[in-house]
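Input: a single structure, listed below in structure tokens.
Throughout, read-outs are computed from the coordinates displayed, never taken from laboratory work. This is a predicted model, so every value here is computed, not measured. As a convention, Cβ positions derive from the backbone with ideal geometry for all residues, glycine included, and neighbour counts pool all protein chains shown.
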């Protein structure tokens, strides 16, 4: 029986680089034609885009060696034959793109908040971080610190939010919206599935109403109508009004996403938890939600990315986020006509953040699939 | 109701919509008694034991468990559930937690036991069900028989007075049934009050103090195993036994 004991190898043509090429790129003649066509397109496009964005581009000086201070000095405006992108506009306006009109003397506070944000995200990004518990405490109190740091108070001079702008506003809206909407969304999702008809009806109404209205409408609603609900004499900050609108909007979407996850949990899990004597909240916090949220990671990240990009809509109520600053710069006669550069830059910044979120979601999915514990500790 | 009854069902009725799933069910279970409930599927046996820890609500009649009547009172329900352990056909382990965490979760959060003590308890329970070496695995990495034994250990960790088993071996491959039944026999010999819904007639013969046969939502026959298997009274029981024993 054991006489023939040689290991048979797969045919050479299906392994290695040649095998991979053959299977994936040159499987039959249509496949080969498409491959060649795509290679031709890339060959045309990649050198051109590299040339425009980097090799022929102006960064600070134009091709004559002068420092660029307005669009007329850009190489491509001086000599259309010579020159690509004129990044000088980003260089000159960089401060506004990142901080808006935040006073220069106080800008260290924004920088500190950015650094602290990175530290606050660390324990969420790396489960194996040493001393993760203490980092997490910091994450919980970070919003309070950031509020006083950015807004003022506790000995800091106040910086009114109408001086905020650019990436600062984008990040404040995005992070706060996502962070606040998550717990509210969970409560709404549980509420909608509640057996108590009043609670379930209220949650359903809220979700359906908010979800049925465009974000722009909610932003106008926040700007115009929220102050009407407040007692007289109390003025609500413009950015806070927008934040309320953005959070409400996001929590309705989050609720529906999490409800989807809740529906995927088999009834046996509820029964097992109940039979062990767990109360409603224990059952949900320890058994149901950790599993439901795990299932919902891809759509949660999806709606979060959506919100991060939708924050650009605040431009219509007069708040200048990253895109707003970009459009403001375009309206400046000094920089008229540099829309390629500005939109390219704004897109790139958004892409960096959203791509990061997307990779994080993949990492989470992979990590949780291998069975490492999450949330229940 | 006799003094020693730990579970007492009186004229219990329940409907699913228009379907009358439990019809005037009466059952008294004494302390340390082992009851095996059998009957064709849809006869209401699972529903009956699920009423005992209020996973299902009965609509008429009374159910008293260890002196506590099951009503809408949430506190009573929680107290009864602390007394009564339950093992399910589909195991229902918590897949996001390790075996050890599955067992320690309820002692820590419901009984407020310190974590170290709960872990010690979990290891003791895993010894009892003979799989201490699986403590750090996740449910998905275990065989069906091992999962069901973890489920038993998880229930036992709450130190219940009564154990309910809802077809504990029906979802298992044949070669794993024995390892689960062995654990249940040990438990029965240790003096646990048990109500077991099962089709394992061998188990019933060795362990049961009393057999309960249900059909169409009614208890048709209640007898000692000896009488039940050798000399049943009702024709319905005879038919059922002839079918199940001649498979």
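Work out the mean other chain Cβ neighbour count within 10 Å for the residues of A:285-297 and drop it here as an integer.
So the per-residue partner count for this stretch is 2.
For region A:139-290, what does the alpha-carbon gyration tensor say about shape, rounded, prolate or oblate, given a ≥ b ≥ c as the root eigenvalues, a/c under 1.5 as rounded, and a/b over b/c as prolate?
Verdict is prolate for region A:139-290.
Report, to the nearest 10°, how far helix B:144-156 tilts away from the longest principal axis of the Cα atoms in chain B, using its own Cα long axis and a range of 0 to 90°.
Approximately 90 degrees, to the nearest ten.
So how far, in whole Å, is the C-alpha centre of region B:6-50 from the one of region A:99-120?
The two parts, judged by their Cα centres, are 67 Å apart.
Can you pull the one-decimal nm distance between simple spin-label points at residue A:281 and residue A:111, each 7 Å off the Cα toward Cβ?
4.4
Only bridges with both residues in the protein assembly as shown count here: give the DSSP antiparallel percent, nearest 5.
Bridges in the protein assembly as shown that DSSP calls antiparallel: roughly 55 percent.
Quickly rank B:48-58, B:167-177 as a protection proxy: mean count of other C-beta atoms within 10 Å, highest first.
Taking the mean over residues of other Cβ atoms within 10 Å, the ranking is B:48-58, B:167-177.
For A:58, B:186, what's the fewest-to-most ordering of other Cβ within 10 Å of each Cβ?
B:186, A:58
With n ≥ 4 as the cut-off for DSSP H runs, can you work out [θ] at 222 nm for chain A, using -39500 (n - 2.57) per run divided by the number of residues, rounded to the nearest 500?
Counting only the DSSP helices, I get -20500 deg cm²/dmol.
Checking the a/c ratio against 1.5 first, then a/b against b/c, what shape does the Cα gyration tensor give for region B:15-82?
Oblate, because a/c is 1.5 or more while a/b does not exceed b/c.
Going by alpha carbons, how many degrees (0 to 90, nearest 10) lie between the helix axis of B:235-245 and the longest principal axis of chain B?
That helix lies at roughly 40 degrees to the long axis.
Quick check on packing: order A:289-297, A:136-144 by the mean number of other C-beta atoms within 10 Å, highest mean leading.
Going by the mean number of other Cβ atoms within 10 Å, highest first, we get A:289-297, A:136-144.
Would you mind pulling out the separation of the Cα centroids of region A:182-203 and region B:207-242, in Å?
For region A:182-203 versus region B:207-242, the Cα centre distance is 47 Å.
How do B:31, A:274, B:45, A:128 rank when sorted from fewest to most other Cβ atoms within 10 Å of their own Cβ?
By the 10 Å Cβ count, ascending: A:128, B:31, A:274, B:45.
Cβ neighbours within 10 Å, averaged per peptide: list A:357-363, B:97-103 in order, most packed at the top.
B:97-103, A:357-363
Any chance you could check the Cα centroid distance between region B:136-169 and region B:55-75 for me, in angstrom?
Their Cα centres are 25 Å away from one another.
For chain A, what class follows from the C-alpha gyration tensor (a ≥ b ≥ c being the square roots of its eigenvalues): rounded when a/c is under 1.5, otherwise prolate if a/b is larger than b/c, else oblate?
oblate
Rounded to the nearest 0.05, what FRET efficiency do residue A:363 and residue A:17 have when you use their Cβ-Cβ distance and R0 = 30 Å?
So, using R0 = 30 Å, E works out to roughly 0.60.
Can you compute the FRET efficiency between residue A:156 and residue B:112 using 1/(1 + (r/R0)^6), with r the Cβ-Cβ distance and R0 = 35 Å? Round to the nearest 0.05.
Working from the Cβ atoms, E equals 0.20.
Just checking the output field for B:230-236: average partner chain Cβ neighbours within 10 Å of each residue's Cβ?
Mean partner-chain Cβ count within 10 Å for B:230-236: 0.
Run lengths n ≥ 4 of DSSP H only: what is the helix-derived mean residue ellipticity at 222 nm for chain B, with -39500 (n - 2.57) per run over all residues, to the nearest 500?
Mean residue ellipticity at 222 nm (helix-derived): -11500 deg cm²/dmol.
How tilted is helix B:99-109 with respect to the longest principal axis of chain B? Cα atoms for both, answer in degrees (0 to 90, nearest 10).
80
Starting from the Cα of residue A:51, move 7 Å in the Cα-to-Cβ direction to define the label point; list residues of region A:57-84 whose amide nitrogen is under 19 Å from there.
Flagged as within label range: A:57-59, A:63-64, A:75-84.
Taking every residue in B:92-105, how many Cβ atoms of other protein chains lie within 10 Å of its Cβ, on average?
Mean inter-chain Cβ contacts per residue within 10 Å come to 5.
Run the quick spin-label model on residue B:234 and residue A:66: label points 7 Å from Cα toward the beta carbon, then report their separation in nm to one decimal.
The two pseudo-label positions are separated by 10.5 nm.
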